[in-house]
1. Which residue, chosen from Phe192, Phe117, Ser88, occupies the Cα position most advanced towards the positive end of the dipole of region 77-198, where the dipole is computed from +1 (Lys, Arg) and -1 (Asp, Glu) charges on Cβ about the Cα centre?
2. Dipole magnitude of region 48-191 about its Cα centre, charges +1 at Lys/Arg Cβ and -1 at Asp/Glu Cβ only, in debye to the nearest 20?
3. Quick one: check the C-alpha center-to-center distance for region 128-146 versus region 253-299, whole angstrom.
4. Once you have a ≥ b ≥ c as the square roots of the Cα gyration tensor eigenvalues for region 115-159, tell me rounded if a/c is under 1.5, and otherwise prolate or oblate according to whether a/b is larger than b/c.
5. Once a ≥ b ≥ c are taken as the square roots of the eigenvalues of the Cα gyration tensor of region 228-309, is the result rounded (a/c under 1.5), prolate (a/b larger than b/c) or oblate (a/b not larger than b/c)?
6. Tell me, what is the 1.4 Å probe accessible area of Lys262, in Å² to the nearest 10?
7. Evaluate the distance, in nm, between pseudo-label points positioned 7 Å from the Cα of Arg189 and of Trp45 along their respective Cα→Cβ axes.
8. For the pair Ala136 and Leu285, what calculated FRET efficiency results from E = 1/(1 + (r/R0)^6), where r is the Cβ-Cβ distance and R0 = 51 Å, to the nearest 0.05?
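The values are calculated or read from the model by the stated rules, or taken from the named source; none is laboratory data. These numbers come from a predicted model, not from an experiment. Heads up, the Cβs are rebuilt from the backbone with ideal geometry, glycines too, and the neighbour counts pull from every protein chain shown. Please note that ligands, DNA and RNA were not included when accessible areas were found on the heavy atoms of the full protein model with its side chains. Shrake-Rupley method; radii C 1.70, N 1.55, O 1.52, S 1.80 Å.
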Amino acid sequence: MNKLMMAALKALSYPDIDIKKNYWWERQVVNVTHYHYLKPFYKTWDHKVSCGDHEIPVRIFSPPEAAESHAILLFFHGGGWVLGNIDSYNKVCANMARLTGRLVVSVDYQLAPEHKFPAAPEDCYAVAREIFLDTALLDTPANDITLIGDSAGANLAAVVSLMARDRGEFLPGKQILIYPATYNDHSERSLFDSIRDNGTDYLLTSKRICDYMDLYMSGPEDLHNPYFAPLLAKDLSNQPDTLLITAEYDPLRDEGEEYARKMEKFGNRVELHRIEDALHGFFSLPPSFPQVKECYELINRFLSEVPQP
């Protein structure tokens, strides 16, 4: 990465704003900057899934060439469990449906700090449970449903897979984890060099990750819960076939790659790829960016493979 790009990234890196006090303001910024002022050129349907005392909104994106039955990508958005929603990820999900030829089901899980851990994973699990157990809902068999998420959403996808194995109601055949958060320590004491090497000048900072996690957790005990930080799971057996994608200049890079290696040690089939010259969040860029193109090439190849017994 050249010096000019490095200087620009340093200038654009998250300023030292207290996210704990200003998360509501940052949500408004995200919503405004991602608002669709023009009528979208894609088909969507809104649906709600019941979960305890509330309903979880979901948005279904159809690929341009509709067929009688579609495989599904069940998508959990990023944003540190604090920012983002199905509206701010409209473009990402529309592109995902178009570039993969699959239905994309985007989940509007409850956000922290109003709804702390484990609200988000429970919401995501409830939506996955409905789609996996009621396959007539979208006319898609369970083996054609893939979990996918980016950043905090990739954390939630990994956690839903763990919850599904532990609860025994269903089990995804595949999952796609894009620069996932998997560990519980993003301070200078972290086990992972990428936190120190990439934690200040590459848009997402290690301080911001720590602040997100502080807002997300209900108490210090959550830091040791594998549904909060899946890399802590003592048993990673019986997990879906996994495509895990990291970004070269991402503070979360090393913990994501370590999660892939740990899953492989437990006998799971895992593909690990690091995208060169990529920053955290690149998946939300337009598809014309080379890093996004490479990511979709990996995704489509992975989706076309027949799951191994």
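1. Checking the options against the dipole of region 77-198, the answer is Phe192.
2. Details: 11 positive and 18 negative charges, 68 e Å.
Its charge dipole is roughly 320 debye.
3. Rounded to whole Å, the Cα centres lie 25 Å apart.
4. Numbers: a/c = 3.49, a/b = 1.73, b/c = 2.01.
In terms of gyration-tensor shape, oblate.
5. Details: a/c = 2.77, a/b = 1.37, b/c = 2.02.
It comes out oblate by the Cα gyration axes.
6. Roll a 1.4 Å probe over it and Lys262 shows about 50 Å².
7. 5.0 nm
8. Values: r = 36 Å, r/R0 = 0.71.
According to the calculation, E is roughly 0.90.
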